[in-house]
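A short write-up of the structure that comes next.
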Amino acid sequence: MRQARIGIFLIFLLCLNLVQSNFLSFLQASDSLKDAFQGKFKIGTSVSPNELSYGTDFIKKHFNSITPENELKPDSILDQTGSQQSGNNVNPKVSFRSGTQTTLRFCEQNKIPLRGHTFVWHAQTPEWFFKENFQQSGNFVSKDIMNQRLENFIKNTFELLKKDYPQLEVYAYDVCNEVFQGGGGGLRPASESKWMQVYGSDEYIVNAFTYARKYAPSGCKLYINDFNEYMNAKTQNIYDMATKLKQKGVIDGIGMQSHLGVSFPSAQMYASALDKFASTGLEVQITELDINQEGNEQAQASLYKEVFSAAVKHANQIPAVTLWGTHDAVSWIKDKNPLPFGTNYELKKAYYSIMQVAGA
Ligand code: XIL
């Protein structure tokens with residue numbers, strides 16, 4: 001009798017131990033963002049090369065998609081001297097400087113898929129790219145010349161990526177970024193965009209996607225990306241353009257930058273924009289998520305939760321949700337404490353609320 005009791009007690013201890021270790025391993029597995037959302041979508045972050053000298057363990061733990069924060073933008077990869085020296089007015093030279101190399105090498109070596117950002121943008125694009133002989137002070141080139149430059153820019157970039165980083169998985173690319181006016185109401189005017197100055201219509205957008213489709217590696221999905229995407233007029237602009245490009249078969253997805261604040265937009269407004277984009281049948285990615293805390297960490301956590309919940313509802317159309325920065329200290333708007341990880345990588349309320357969505 002006594003032996004039986006001891007036996008039962010030992011079995012009880014064994015069970016307790018099993019429960020505990022399962023519980024612990026559950027906790028351990030689920031404290032990584034990317035692991036928690038496995039099977040739903042990738043969790044991405046933007047990365048700047050600086051951080052790769054000290055923050056790689058953290059990045060590898062939480063993220064399985066990377067967007068170079070600045071290192072693939074036109075002003076980072078277009079090479080003015082090289083373009084001029086080529087003596088060819090239509091073939092801009094692309095080269096990767098050390099920051100770009102560091103980022104791409106990190107992704108390739110660690111097998112982290114890359115979101116490319118970006119080809120056509122009114123900002124961070126050198127003026128000489130639009131001018132005769134690639135000279136800062138020259139005249140603007142014709143539409144015909146610009147078409148050839150645009151095609152070669154895209155072609156050269158994809159070729160260089162393939163040549164220098166053959167194992168790198170480039171799974172998505174923002175072909176066009178922020179082509180619409182701030183709150184919507186149509187395309188950015190010539191006074192704001194050199195693209196519009198040369199073309200005067202949406203032709204540069206259609207052409208950019210057509211060229212990207214021609215040269216992008218297989219599996220690389222092509223995106224139109226924008227901010228204030230939840231404001232009605234802008235939602236409609238993006239929806240209409242995406243639909244037009246879809247009819248031509250040259251687009252795969254809509255990128256919602258998602259630079260939000262706790263007081264605007266409402267979760268409902270954001271979710272209805274996401275619903276509308278998803279109704280195109282295209283993929284949707286949340287590409288640059290951050291939320292201005294406005295002194296209210298709890299409200300920030302709530303909005304993060306709503307955004308991730310909305311994304312989970314459309315998980316079958318959403319390949320990735322990307323945070324714009326790894327933690328508050330490196331955010332482009334760091335005074336707004338916009339990320340789920342704090343200045344010293346500490347876990348904020350937002351982190352826990354996001355994890356709740358993953359576990360739900
Ligand atoms: C920002 C970067 O985070 C900053 O480092 C840079 O100085 C300016 O650009 N929308 C975009 C991103 O598409 O490329 C911007 O990134 C943030 C807004």
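Would you point out which residue out of GLY200, GLY261 is within 15 Å of the ligand (Cβ to nearest atom) and either open to solvent by 10 Å² or more (accessible area, probe 1.4 Å) or modelled with pLDDT of 95 or more (or both)?
Only one candidate qualifies: GLY261.
Pick from ALA271, ALA301, ALA315, ALA278: which is in contact with a helix residue (DSSP H, G or I) (Cβ under 8 Å, 6 or more places away or on another chain) and within 21 Å of TYR173 (Cα to Cα)?
Values: ALA271 fails: within 21 Å of TYR173 (Cα to Cα); ALA301 fails: within 21 Å of TYR173 (Cα to Cα); ALA315 fails: in contact with a helix residue (DSSP H, G or I) (Cβ under 8 Å, 6 or more places away or on another chain).
When all the criteria are applied, what remains is ALA278.
If you check THR280, THR322, which single one turns out to be modelled with pLDDT of 95 or more, part of a strand (DSSP E or B) and hydroxyl-bearing (Ser, Thr, Tyr)?
On inspection, the qualifying residue turns out to be THR322.
Please determine whether any residue of the stretch 330-344 is touching a residue at least 24 places away in the same chain (Cβ under 8 Å), among the charged types (D, E, K, R), under 21 Å from THR67 (Cβ atoms) and outside any loop (DSSP other than H, G, I, E, B).
Yes.
Out of the residues in the stretch 332-353 that are within 15 Å of the ligand (Cβ to nearest atom) and more than 17 Å from the chain's Cα centre (by Cα), which is least open to solvent (accessible area, probe 1.4 Å)? Write out each step before concluding.
Taking the stretch 332-353 as the starting set, the residues that turn out to be within 15 Å of the ligand (Cβ to nearest atom) are 332-336, 338-339.
Filter once more, so that each one left must be more than 17 Å from the chain's Cα centre (by Cα): 334-336.
Values: LYS334: 118, ASP335: 120, LYS336: 70 Å².
Restricting to residues being within 15 Å of the ligand (Cβ to nearest atom) and more than 17 Å from the chain's Cα centre (by Cα), the top hit is LYS336.
Could you tell me which of the residues SER76, SER86, SER98 is hydroxyl-bearing (Ser, Thr, Tyr) and within 16 Å of the ligand (Cβ to nearest atom)?
Matching residue, one of SER76, SER86, SER98: SER76.
Here are some residues: ILE291, ILE254. Which one is in contact (Cβ under 8 Å) with a residue 12 or more places away in the chain, farther than 25 Å from ASP328 by Cα and in a strand (DSSP E or B)?
Selected residue: ILE254, the only one of ILE291, ILE254 that is in contact (Cβ under 8 Å) with a residue 12 or more places away in the chain, farther than 25 Å from ASP328 by Cα and in a strand (DSSP E or B).
Identify the single condition in (1) under 24 Å from GLU71 (Cβ atoms); (2) open to solvent by less than 10 Å² (accessible area, probe 1.4 Å) that ARG213 does not satisfy, given that it satisfies every other one.
Here ARG213 meets the rest and fails (2).
Any residue in the stretch 212-238 that's assigned to a loop (DSSP other than H, G, I, E, B) and within 16 Å of the ligand (Cβ to nearest atom): show its pairings with residues that are open to solvent by less than 50 Å² (accessible area, probe 1.4 Å) and among the β-branched types (Val, Ile, Thr) at Cβ separation under 7 Å, as long as the two are six or more apart or on different chains.
Matching pairs, first to second residue: GLU229/THR235; GLU229/ILE238.
Take the conditions under 22 Å from ASN70 (Cβ atoms) and among the β-branched types (Val, Ile, Thr) and apply them to ILE224. Does it pass?
On the way: under 22 Å from ASN70 (Cβ atoms): yes; among the β-branched types (Val, Ile, Thr): yes.
Against the criterion (under 22 Å from ASN70 (Cβ atoms) and among the β-branched types (Val, Ile, Thr)), ILE224 qualifies.
List the helices (runs of 4 or more DSSP H) inside the stretch 32-98, counting only whole elements, that have at least 3 residues being open to solvent by 10 Å² or more (accessible area, probe 1.4 Å).
Counting at least 3 such residues, we get 33-36, 56-62, 80-85.
Looking only at the stretch 266-278, decide whether some residue is farther than 15 Å from TRP121 by Cβ, within 15 Å of the ligand (Cβ to nearest atom) and among the aliphatic types (A, V, I, L, M).
No, because not a single residue in the stretch 266-278 is farther than 15 Å from TRP121 by Cβ, within 15 Å of the ligand (Cβ to nearest atom) and among the aliphatic types (A, V, I, L, M).
With respect to TYR304, determine if the residue is within 21 Å of GLU69 (Cβ to Cβ), touching a residue at least 24 places away in the same chain (Cβ under 8 Å), more than 16 Å from the chain's Cα centre (by Cα) and part of a helix (DSSP H, G or I).
Against the criterion (within 21 Å of GLU69 (Cβ to Cβ), touching a residue at least 24 places away in the same chain (Cβ under 8 Å), more than 16 Å from the chain's Cα centre (by Cα) and part of a helix (DSSP H, G or I)), TYR304 qualifies.
When you go through GLU169, GLU192, GLU229 one by one, which is the residue that is acidic (Asp, Glu) and open to solvent by less than 10 Å² (accessible area, probe 1.4 Å)?
Exactly one residue qualifies, and that residue is GLU229.
Scan the stretch 117-134 and report the pairs whose first residue is closer than 17 Å to CYS176 by Cβ and whose second residue is within 11 Å of the ligand (Cβ to nearest atom) and hydroxyl-bearing (Ser, Thr, Tyr), with Cβ atoms within less than 6 Å and a gap of 6+ or a chain change.
From the stretch 117-134, the pairs are HIS117/THR67.
Taking the residues in the stretch 293-331 that are farther than 18 Å from ASN225 by Cα and within 13 Å of the ligand (Cβ to nearest atom) as candidates, determine which candidate is most open to solvent (accessible area, probe 1.4 Å).
Checked the stretch 293-331; the qualifying residue most open to solvent (accessible area, probe 1.4 Å) is VAL330.
In the stretch 106-156, which residues are in a loop (DSSP other than H, G, I, E, B), open to solvent by less than 50 Å² (accessible area, probe 1.4 Å) and within 30 Å of SER65 (Cα to Cα)? Talk me through it step by step, then tell me what you get.
So the first thing to find is which residues in the stretch 106-156 are in a loop (DSSP other than H, G, I, E, B), and the list is 110-113, 121-126, 135-139, 141-142.
Checking which are open to solvent by less than 50 Å² (accessible area, probe 1.4 Å) leaves us with 112-113, 121, 123, 125-126, 138, 141.
Answer for the stretch 106-156, where residues must be in a loop (DSSP other than H, G, I, E, B), open to solvent by less than 50 Å² (accessible area, probe 1.4 Å) and within 30 Å of SER65 (Cα to Cα): ILE112, PRO113, TRP121, ALA123, THR125, PRO126.
Assuming PRO319 fulfils every condition listed in (1) under 22 Å from GLY359 (Cα atoms); (2) in contact with a Leu (Cβ under 6 Å, 6 or more places away or on another chain) apart from one, which condition is it?
Just one mismatch for PRO319, condition (2).
Within 16 Å of the ligand (Cβ to nearest atom) and farther than 16 Å from ALA350 by Cβ: which single residue out of GLN285, GLN247 fits that description? Please lay out each step first, then the result.
Working: GLN247 fails: within 16 Å of the ligand (Cβ to nearest atom).
Going through GLN285, GLN247 in turn, the sole match is GLN285.
The values are calculated or read from the model by the stated rules, or taken from the named source; none is laboratory data. Remember, predicted model here, so these are calculated numbers, not experimental data. Please note: Cβ atoms are built from the backbone with ideal geometry, for glycine as well, and neighbour counts cover all protein chains shown. Protein only, heavy atoms only, side chains kept; ligands, DNA and RNA dropped before computing areas. Shrake-Rupley method; radii C 1.70, N 1.55, O 1.52, S 1.80 Å.
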